[in-house]
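Okay, structure first, notes after.
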Ligand code: HEM
Ligand code: HEM
């Protein structure tokens, strides 16, 4: 379990694994959809589903373990901003893979995870066109996936700036604590 002085190895491992995976997924997601790099789609979906399992473990651990306690009394505005940022990040990590699966699965595109067919595609044999299994939910998934993507980019930048501020200006152990030092 975490203590105010030291985080458990599980907290640290889950934070950094998911942090780097999310940054990579955001970058690849925007890149492949803007430049229409279709060969990357199956890789994006495969890693997205795989990291979802780790994200669920992290959410369970966060509920069991509680949120990190600030190292000292910061101004109330800063503490509130940090809390809101952490909530957006953790909910965002849950909703990105869920919305991606809704979009691909119910949009009829199908989901293959490292070659294993998790949800088959839905092509109309007569027309050869991909048809949605549930158009409304697929659209909700697509909308959430794209817009939450933008929100997360801004929130991650804010979160990184906060970590740097603690390290460089406040000169406290917030970043070092998450690095296990
Ligand atoms: C794990 C976290 C994930 C992150 C951070 C993420 C991020 C993104 C981002 C930023 C985009 C570009 C914006 C957009 O066009 O929607 C994107 C596109 C896409 N993502 Fe994800 N994604 C994740 C998981 C998944 C999963 C699990 C699936 C499906 C199983 C998926 C399927 C897709 C598809 C099909 C696109 C292309 C959308 C298009 O071209 O219109 N994503 N992703
Ligand atoms: C290189 C980039 C990153 C740095 C330097 C960083 C740094 C930190 C630090 C120092 C903390 C501890 C805050 C405290 O003690 O109050 C923290 C917590 C947290 N970070 Fe990051 N982080 C980064 C990227 C990310 C990303 C990409 C995500 C998710 C998308 C994320 C999600 C979280 C969450 C949810 C917490 C709350 C504690 C937890 O659930 O483990 N971080 N981060």
Applying the selection to the stretch 1-15, what residues are in contact (Cβ under 8 Å) with a residue 24 or more places away in the chain and part of a helix (DSSP H, G or I)? 9, 10, 11, 12, 14, 15
Tell me, which residue of the stretch 99-118 that is within 9 Å of ligand 1 (Cβ to nearest atom) and surrounded by fewer than 17 Cβ atoms within 10 Å (Cβ to Cβ) is farthest from the chain's Cα centre (by Cα)? 118
Please work out which one of (1) away from ligand 2 (no atom under 15 Å from the Cβ); (2) over 22 Å from residue 62 (Cβ atoms) is the condition residue 101 fails and give its number. (2)
Need the failing condition index for residue 150 against (1) touching a residue at least 12 places away in the same chain (Cβ under 8 Å); (2) within 23 Å of residue 47 (Cα to Cα), just the number. (1)
What pairs come out if I take residues in the stretch 117-130 that are over 21 Å from residue 42 (Cβ atoms) and pair them with residues that are away from ligand 1 (no atom under 12 Å from the Cβ) and not in a strand (DSSP E or B) whose C-beta lies under 6 Å away, six or more apart or interchain? 124/131
Take the stretch 60-84 and flag every residue that is near ligand 2 (Cβ under 9 Å from one of its atoms) and either closer than 19 Å to residue 145 by Cβ or modelled with pLDDT under 90 (or both). 67, 68, 69, 70, 71
So, residue 131, is that one at pLDDT 95 or above, farther than 25 Å from residue 20 by Cβ and exposed (fewer than 15 other Cβ atoms within 10 Å of the Cβ) or not? yes
For residues that are within 9 Å of ligand 2 (Cβ to nearest atom) and assigned to a helix (DSSP H, G or I), tally how many sit in the stretch 147-181. 15
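The values are calculated or read from the model by the stated rules, or taken from the named source; none is laboratory data. Note that the coordinates shown come from a computational prediction; the quantities given were computed from them, not determined experimentally. When we count neighbours, we look across all protein chains shown, and the Cβ atoms used for this are built from the backbone with ideal geometry, even at glycine.
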